[in-house]
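Read through the structure below, which is laid out as structure tokens, and then see the notes.
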Amino acid sequence: MMKNNSYSLLIACVVIGAASILSSCNKQNPSYGRRTTANPGKISASTGAKLNFNMDDTTQFTVARINREIVGPKLKFIQGGRAVLGSQEQDVMAFRDNIERTVTINSFYLDETEVTNLDYREFLFDFKSKVSADSIQKVEPNEGVWSDVLSSNDVYATYYFRHPGFNFYPVAGVSWAQAQAYTKWRSEYVNKVYREFYKVDSTLNQTQLMARGVVLPEYRLPNEAEWEYAAKAMIGTQYLDENQEHGRIYPWDGRGVRNPYDVKRKSKQGDFLANFKRGRGDYAGIAGTQSNDGDILPSNVYDYPPNDFGLYNMAGNVSEWVQDVYRPLTFQDFNDLNPSRTDGTLDEEEFYETSLIDDNYRVYKGGSWKDVAYWLSPGTRRFMHQDSATNHIGFRCAMIAIGSMTK
């Protein structure tokens, strides 16, 4: 009995001693709490050294303290998540190139509207002061896309891009390569404007600007998965703990192209929810009716209600270029996290007996004013040579979301 008591006493002493040591350690190494970009603390959590926040002091390690993320103009935040990409309807074209698969898309930003004629003219005006006349000609939209020997649409070749009445209509006649040039220019120009607004030292290079958090990431074309995910905007179908009420064929609820009446969209019952071609020879219905789709050509980028991400015309008006190289088997070779195809890896062009499959052919998404309703579904996909342009393809810009400033 005595031995047991002694043993118990020994154990108790050991426990008390350990607790005392741990307590002493905790006092010497206190928890620093959760760190954020806005509140990184006063000393380093890993070394205990005092942090230096003077970004002009190059003799010490410095830390940028940023209270909020700088977001570029016109961009809407697209919260990432799991998604089922691919055709949701019968593949009436029998392309079988977008079979359903589950992926996860990271958060990003996307322009709320298509790039407009006014946007693109601003690009040309600034760009011409930096490059030769030949280079400017290479990025001018092809206004001849409106001309046809068997129609009188050539009048739009004169007026559509230049006249202020079409300022807020989507730019057309722009190739994938020209859209790429615009995104690069916009990245540089917006960052220049922001540096002037925040009075940032103009002698700092790109790396220094990035370290201070005062430079925006590059504008770019969205990849196909991002575009399709943003178009469906499935956040509008959610209820109670990640459950979704239904799928979506279009960027809105229901199986049709008319509004069944949705207070959230603030539009009238029976209104068309996109600008598209109703059928052969029918672009706008009969004159004098109360239909809201009286648009024979592209329309103002704000004319139709936005989807649940706040994005306008993710179906109809003009189709849109995306970043991806076209391959029929992309759905089979995809990465299930942020999928994107930048070349023909695993689906090389020599596998095909056609000149239409190579790394110069790019995907475009969404139906246009010139397309029937089938093409309004985000899951449909088409492709065209990256140097080609039409009167029914435009584009919008995307941007990566950089971490989190407060979380």
*Near the amide H of Lys76, under 5 Å away, which other amide H atoms are found, from residues 5 or more places off or on another chain, if H is placed in the peptide plane?*
Leu110, Asp111, Glu112
_Treating segment 267-407 as a set of equal point scatterers at the Cα positions, no solvent, please give the Debye-formula log₁₀ I(q)/I(0) at q = 0.09, 0.13 Å⁻¹._
-0.36, -0.69
_Placed amide H near Asn153: partners under 5 Å, 5+ positions off or other chain_ = Asp148
*Going by the alpha-carbon gyration tensor, a ≥ b ≥ c the square roots of its eigenvalues, is segment 77-400 rounded (a/c under 1.5) or, if a/c is not under 1.5, prolate (a/b greater than b/c) versus oblate?*
rounded
*Using modelled backbone amide H atoms (1.01 Å from N, in-plane), which distant-in-sequence or interchain residues come within less than 5 Å of Gly294's amide H?*
none
_Could you work out [θ]222 nm for the chain from helices alone, using -39500 (n - 2.57) per DSSP H run of at least four and dividing by all its residues? Round to the nearest 500 deg cm²/dmol._
-7000 deg cm²/dmol
*Run down the aspartates and glutamates and flag those whose C-alpha is under 14 Å from the C-alpha of Lys130, throwing out any fewer than 8 positions away in its chain.*
Glu122, Glu188
*Assuming a ≥ b ≥ c are the square roots of the Cα gyration tensor eigenvalues, decide whether segment 112-261 counts as rounded (a/c under 1.5), prolate (otherwise, with a/b larger than b/c) or oblate.*
oblate
*Specify the longest stretch of the chain that does not include any exposed loop site, a site being one of the GluC sites (Glu not before Pro) with a non-H, G, I, E, B DSSP assignment and at most 13 other Cβ atoms within 10 Å.*
101-241
_Qualifying chymotrypsin sites (Phe, Trp or Tyr not before Pro) in segment 172-255, DSSP loop, other Cβ atoms within 10 Å at most 15_ = Tyr198
_DSSP-defined beta bridges in segment 77-400 - what % are antiparallel, rounded to 5_ = 90 percent
*Say the cut-off is 28 Å between C-alpha atoms; which of Lys74/Lys199; Lys199/Lys232; Lys42/Lys192 go over it?*
Lys199/Lys232; Lys42/Lys192
*³J(HN,Hα) computed for each position of segment 44-59 - Karplus, 6.51 cos²θ - 1.76 cosθ + 1.60, integer Hz, glycine/proline x*: 5, 6, 9, 10, x, 6, 5, 7, 9, 9, 7, 5, 7, 8, 8, 8
*Rounded to whole Hz and in sequence order, give me ³J(HN,Hα) for segment 206-214 from the Karplus expression 6.51 cos²θ - 1.76 cosθ + 1.60, θ = phi - 60°, writing x for Gly and Pro.*
4, 5, 5, 5, 5, 4, 8, x, 10
*Based on DSSP H assignment, which helices of the chain show an axial Cα extent of at least 18 Å together with a mean Kyte-Doolittle hydropathy greater than or equal to 0.0?*
2-28
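Coordinate-derived values only; no laboratory data. Predicted, not measured: the structure shown is a model, and the values here were computed from it. All Cβ positions, even for glycine, are placed from backbone atoms using ideal geometry, and neighbour counts span all protein chains on display.
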